[in-house]
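Quick notes on the structure that follows.
The values are calculated or read from the model by the stated rules, or taken from the named source; none is laboratory data. Just so you know, these numbers come straight off a predicted model, no measurement behind them. Here Cβ is always computed from backbone atoms with ideal geometry, including for glycine, and neighbour counts include all displayed protein chains. Side chains are part of the model used for accessible areas, which takes the heavy atoms of the whole protein and leaves out ligands, DNA and RNA. Shrake-Rupley method; radii C 1.70, N 1.55, O 1.52, S 1.80 Å.
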Amino acid sequence: MTFRVATESGVVVGETDGGARVWRGLPYASPPVGDGRWRRPLPVRPWAGTRDATRFGDACAQHRLRAGGGVPPAWPRTEDCLTLNVWAPPSDADDLRPVLVWVHGGAFVAGSGMLADFNGSRLAAEGDVVVVTLNYRLGALGFLDLSSFATPDVPFDANVGLWDVVAALRWLRENVAAFGGDPGRVTLAGESAGASLVTALLAAPAARGLFHRAVALSPAPAAAYSADRMASYARRFLRIVGADPDDPASWRQIPADDLVRAGTRLLDEVDARYTGTIAFAPSVDGALLPESPVDAALGGRTSPVPLLTGTMRNEALLFLRARPHILPVAEPRVDRVFELLAEQRAAEAGDRTPDEHAEDDDGALQDGVLAAYPGYPERDALLDFAGDSTFRIPTIRFAEGHAQVAPVWMYRCDFATPAERMARLDATHGTEIPLVFGTLDAPVGRLIVLLGGRSAAQRLGARIRTHLVSLAREGTPGFGWPRYAPPDRTTLVLDRDVRIARDPGGPAREAWDGVDFLR
């Protein structure tokens, strides 16, 4: 059976998918190719006739990460990737339904909205909501900040991957009602890098009014760096790729595959030299992002929409197997993070050659933080530090700031199946996704229940989806989930038995007080 919908861009025809209807590969912006490379997305060009919406669009050009990414090897990966996918319940309703927009993760360099783990059919049918997944530009195509190299004749924009999400939200504002979705009840949700884009857009004035609730699963809110840092990474990238410094117009002719390869090399270099940062991430450019998301939150300047956020109990375990590691998952990498923080503090104080007392202070700061991880540098304590430094502490700081302007609910996911424990992954980064979407038969889902635990995963997944749908529909996750705010910092712990905890991991959180993040 097919389903015909008239959008502002043209007519599309979708099909059934499980218990839902789906329209795949819908363009929400013009292809960002040629002169559109490294520029903000332009509105989609309307089409004549009927567009087949039964096939996903191309993924963005990318190199698959060893620990993630997931795009099938044979699937096209190109610059012409700005499409989204819509799942709706099997039949129309009298009233418009809440909309949940999912932004995929992948360290800003990998992934796609077409992955089977993000199939929205079950969430749409069970929750009576409209589910949207989308692609955005990745790596050097999406998060290389060339704006400092712009000229009147050869303009470049920063944060084009983030602008892509804004463009998708604008398209949905005009068109989601045609699919039965309510443009006044849009929940922007994501995991990992996708969640970091959610927290960034909460701090972006241009995104205000485009979404009305937010869900950030395992975000890294501090992964939005100064324009100076991102310009330095861009200069190194241009040298790696062999770009002609005197002919910036020619940079748009470099093959996308060459950009991906150069980006992979830059990722490795930045990971080694500037541990604790990542080469491609949002840039605090003064335009889309006037300030870092964490600073915006702490200053009470984020968009006042309800936020559900949290982290996994063992975030860092996945990154032991990632290349590059990204997180400080070895003792020398931890030392390097504190060296960079000391250099940053000295630079901000205007002291390029810190004296002995400053070095003593820096050492005391490092010792004070690490003392909150008993047994450091043993494996478990080191990994707790790594997960806290990248995910948990920045998330807490963002949440506590955002709680000044809107309700916040915090979770920690401790759930792990026998297969996850056997693989020594436990409740690690990204393993909650099959529970969110109910996709235990998709690639990641199959792996986590390979040795049992399916019934427990199904029960917890149903609970999680109920919370998400309640937030999307009512603006609150319901079921007596208390709001998160100091001093209690009440947190919902998701496990086989869901429970409420007050300030879990409090001693480590306190040890980070006064410690800045790399900018």
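Rounded to a whole number, what % of the accessible area of the chain do carbon and sulfur atoms account for, probe 1.4 Å?
50 percent
In Å², and per residue, what accessible area does segment 1-123 have when probed at 1.4 Å with the other protein chains present?
Using a 1.4 Å probe on heavy atoms only, each residue of segment 1-123 averages 42 Å².
Unpartnered cysteines of the chain (Cβ-Cβ under 4.7 Å counts as a partner)?
By the Cβ distance rule, which asks for a partner under 4.7 Å, the isolated cysteines are C413.
Using the Kirkwood formula over every pair of different C-alpha atoms, what hydrodynamic radius in Å results for segment 295-454?
One over the average 1/r among Cα pairs gives 18.0 Å for segment 295-454.
Hey, got the dipole for the chain? About the Cα centre, +1 on K and R Cβ, -1 on D and E Cβ, debye to the nearest 20?
1800 debye
Highest mean first, how do 421-432, 363-374 rank when packing is the count of other Cβ atoms within 10 Å averaged over residues? Walk me through the numbers before you get to the answer.
On the way: 421-432: 20.1, 363-374: 15.7.
Descending mean neighbour count gives 421-432, 363-374.
Within the set of other residues whose C-beta is less than 11 Å from the C-beta of T302, count the net charge using Lys and Arg as +1 and Asp and Glu as -1.
0
Calculate, in whole percent, how much of the Cα-Cα pair population of segment 97-253 lies beyond 24 Å.
Tail fraction, whole percent: 39.
Find the accessible area per residue for segment 137-265; the probe is 1.4 Å, ligands and nucleic acids are left out, and the unit is Å².
31 Å²
Add +1 for every Lys or Arg and -1 for every Asp or Glu among the other residues with Cβ under 12 Å from the Cβ of D271, and state the total. Could you put the intermediate results ahead of the total?
Details: positive: R265, R273, R323, R333, R336; negative: D268, E269.
For residues surrounding D271, the net value is +3.
Which percent of Cα-Cα pairs in segment 112-177 sits in each 10 Å bin, short to long?
Percent of Cα pairs in each bin: 18, 34, 29, 14, 5, 0.
Can you pull the Rg over Rh of segment 55-189, Cα-only, Kirkwood?
1.02
Computed over the Cα atoms of segment 189-306, what is the convex hull's projected area averaged over all directions, in nm²?
That works out to 8.3 nm², a quarter of the Cα hull's surface.
Which peptide among 461-467, 161-167 comes first, and what is the full order, when sorted by highest mean count of other Cβ atoms within 10 Å? Write down the numbers at each step before the final one.
Numbers: 461-467: 18.1, 161-167: 26.1.
Ranking the peptides 461-467, 161-167 by packing returns 161-167, 461-467.
Which order, highest average first, do 243-256, 308-321 follow once you tally other Cβ atoms within 10 Å for each residue and take the mean per peptide?
So the peptides 243-256, 308-321, ranked by packing, come out 308-321, 243-256.
May I ask for log10 I(q)/I(0) of the chain at q = 0.09 Å⁻¹, from a Debye sum over the Cα atoms as equal point scatterers with solvent left out?
Relative scattering, expressed as log10 I(q)/I(0), comes to -0.60.
Cβ under 11 Å from T311's Cβ, T311 left aside: what net charge do those residues give with Lys, Arg +1 and Asp, Glu -1?
Counting the neighbours of T311, the net charge comes to -2.
Using modelled amide H (1.01 Å from N, peptide plane; none on Pro or chain starts), what sits under 5 Å from the amide H of F3, excluding residues fewer than 5 places away?
Close amide H contacts, sequence-distant or interchain: G14, E15.
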